[in-house]
Structure formats: C-alpha cells, structure tokens
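Novice: Starting off with a structure, shown below.
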Amino acid sequence: MLHIDSNIFWTVFNLLLLFILLRIFLFKPVLGMIEKRKNTISSALSEADQKNADAAALKVQYENSLKDAKQESFQIVSEAKERAQGQYNQIIDKAHADATQIVQQANAAAQADRERMMKDARGELAEVALAAASKLLGTTVDAKTNKAMLDAFLAEAGDAE
C-alpha cells in the first residue's frame, strides 16, 4: 500500500487552511477595497465626464450669447445710424425750407423797395414835369388841378411800362 507520510498530510492541510484563511481574511477585504476603489474611480470619471459635458454646454451657451450680443450691438449701431441719418435729413430739409423762405422774403422786400423807389421816382418826375409845364404855360394851377394832372401823368406813365 501506499504509505503517505504524516508530514505531507499536515503540510497539505496547513496549506489548505492557510489558503482558506487568506481567502477569508485577506483576499475578500482586498478585493472589496479594490472593487470600492474601482467604483470610486468610475464615479469620479463619470462625474468628470458630466462636468465636461456641462462645461461644453456652457461654452456653447456663452458663444451663442456672445454672438447674439454682437448681432444686437450691430443692430443698435445700425438703428442709431438710421436715426442720425433721419435727423440729418430733417435738419437739411429744414435748412432748405428756411433758406427758401429767407430768399422769398428778401425778394419780396426787394420788390417792395423797388416799387417804392419807382413810385417815389414817378412822383418826383411828375413834380418836375408839372413844374416844367407850369413854367411853359406861365400859369400856376391850384393844388386840386396839380393833383389831378399828377394822377393822370402817373397813370399814363404806369401804362407805358
């Protein structure tokens, strides 16, 4: 028969016992810590991915806000330019209207001065003509007759123009 030495039996028994004890007291806690660490790392990675996604979304939102702000500023500048151009056109139109009115008033004043001067000149001419006629005729005429002759002369002079 086969003879097995008791030392071998106790060695195998000790090895099996050591393996079971190591498995219970060392491998399970170490494997548990490794699993826990793995879960912690996994959750940290997923949290980092989530934060990266949030940051990317915020970046996109910021870029869109910046683009909207630029468009709004261009629109505001454009509207301000349009308002300024409108005010400029109003000022120019008012200036043209004022200038036209001033020219019309100056023309009217010049026409009135011209007519007054013509009337004065006619009156003086009529007086000279009456004085010359009086000297030629050698008679003096009263004020009524002078006025009638003057009016007739002025009417003739006015028709001649």
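Novice: Given the criteria surrounded by 10 or more Cβ atoms within 10 Å (Cβ to Cβ) and at negative phi, does SER42 qualify?
Specialist: yes
Novice: Residues to consider are GLN61, GLN85, GLN101; find the one that is open to solvent by 100 Å² or more (accessible area, probe 1.4 Å), under 57 Å from the mean Cα position of the chain (by Cα) and more than 30 Å from GLU156 (Cβ to Cβ).
Specialist: GLN61
The values are calculated or read from the model by the stated rules, or taken from the named source; none is laboratory data. Quick caveat: nothing in here was measured; it's all calculated off a predicted structure. Here Cβ is always computed from backbone atoms with ideal geometry, including for glycine, and neighbour counts include all displayed protein chains. What goes into the accessible areas is simple: the full protein's heavy atoms, side chains included, and nothing from ligands, DNA or RNA. Shrake-Rupley method; radii C 1.70, N 1.55, O 1.52, S 1.80 Å.
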